[in-house]
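Only one structure is covered here, and it is reproduced in the block below.
The values are calculated or read from the model by the stated rules, or taken from the named source; none is laboratory data. Every value quoted in this text rests on a predicted model; they were computed, and no experiment measured them. Glycine also receives a Cβ, built like all others from the backbone with ideal geometry; neighbour counts cover every protein chain displayed.
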Amino acid sequence: MVIAFHKPYDVLCQFTPDQPGQRTLAEFGFPAGVYPVGRLDLDSEGLLLLTDEAGFNHRLLNPAAAHPRTYWAQVEGCPTAEALERLARGGVEIQGHRTRPCGACLLDPPPAVAPRVPPVRFRQAIPTTWLELQLTEGKNRQVRRMTAAVGFPTLRLIRKAIGGFAAGSLVEGAWEVLGPAALREIWRK
C-alpha cells in the first residue's frame, strides 16, 4: 500500500513526538504499519508518501535512481538569472556537499496556494518570489540551503510532486491510498 498525504506545516514526519505537544503523523489516522518515504522538515509542507512496502523507500530515494522531486519555494527577494543558473547547474556547496544539477525556474504568475498558518514573515520593502525546483537528491534541508547560498532565503517550501505524481487537489491534512495509475506516475521521470 502507498499513501499520498498533504503534510501541513509544523507536523513532524514521524509517529512519535520529540517533544510534548508536538504534532506528528499519528494524528491523521493512517493504517497500521505504514511509514514515511523520505522526510519533509517540520517547517515544510506538501506531498509525503507513506508505505508498508519493504524496499519502496530505497527504490524511490536512492540518488542512483534519479527520481525527481518538485518543490515550490517562496523566497525573499527576486532571484536573478545568474542565481537561477547557479542553482540549475549544480555545484552549490552545502555542508561539504556539492549539489547535483536541478531544474530551477521562476513561477510567474505565482502559484495559487492557500495561506500558511502561521503566515510567513512579510517585509514591505522586500518582495517575495516563487521558484520551482526539481531535484533528484535529498540532503537535509537542501532546498533551503541552496536558495540561501545564492542569496535568496526560503520563506515557505511546498513539495508538489514525486516523479510524475503531483499532489493535485489533495488538501492540507488529507491523504489517499494510491491506485495502480498513480503508482505508475510516481515511477515516471
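Things worth noting here:
- Failed item, numbered, when residue 168 is tested on (1) over 15 Å from residue 43 (Cβ atoms); (2) in contact (Cβ under 8 Å) with a residue 12 or more places away in the chain; (3) in a loop (DSSP other than H, G, I, E, B); (4) out of contact with any Phe, Trp or Tyr (no Cβ under 9 Å at 6 or more places or on another chain): (2)
- Of residues in the stretch 14-54 being of a type in the set (S, T, N, Q) and surrounded by 14 or more Cβ atoms within 10 Å (Cβ to Cβ), the one nearest to residue 185 (Cα to Cα): 51
- Among the candidates 18, 10, 108, the residue that is part of a loop (DSSP other than H, G, I, E, B) and either at pLDDT 95 or above or closer than 20 Å to residue 163 by Cα (or both) is uniquely 10.
- Test result for residue 79, touching a helix residue (DSSP H, G or I) at 6+ places or on another chain (Cβ under 9 Å), assigned to a loop (DSSP other than H, G, I, E, B) and at pLDDT 90 or above: yes
- Complete set of residues in the stretch 149-176 that are surrounded by fewer than 13 Cβ atoms within 10 Å (Cβ to Cβ) and among the aliphatic types (A, V, I, L, M): 171
- Count - residues of the stretch 137-148 that are more than 16 Å from residue 103 (Cβ to Cβ) and surrounded by fewer than 18 Cβ atoms within 10 Å (Cβ to Cβ): 4
- Selection status of residue 46, assigned to a strand (DSSP E or B), in contact with a strand residue (DSSP E or B) (Cβ under 7 Å, 6 or more places away or on another chain) and on the phi > 0 side of the Ramachandran plot: yes
- Within the stretch 61-76, being in a helix (DSSP H, G or I) and under 28 Å from residue 155 (Cβ atoms) holds for 61, 63.
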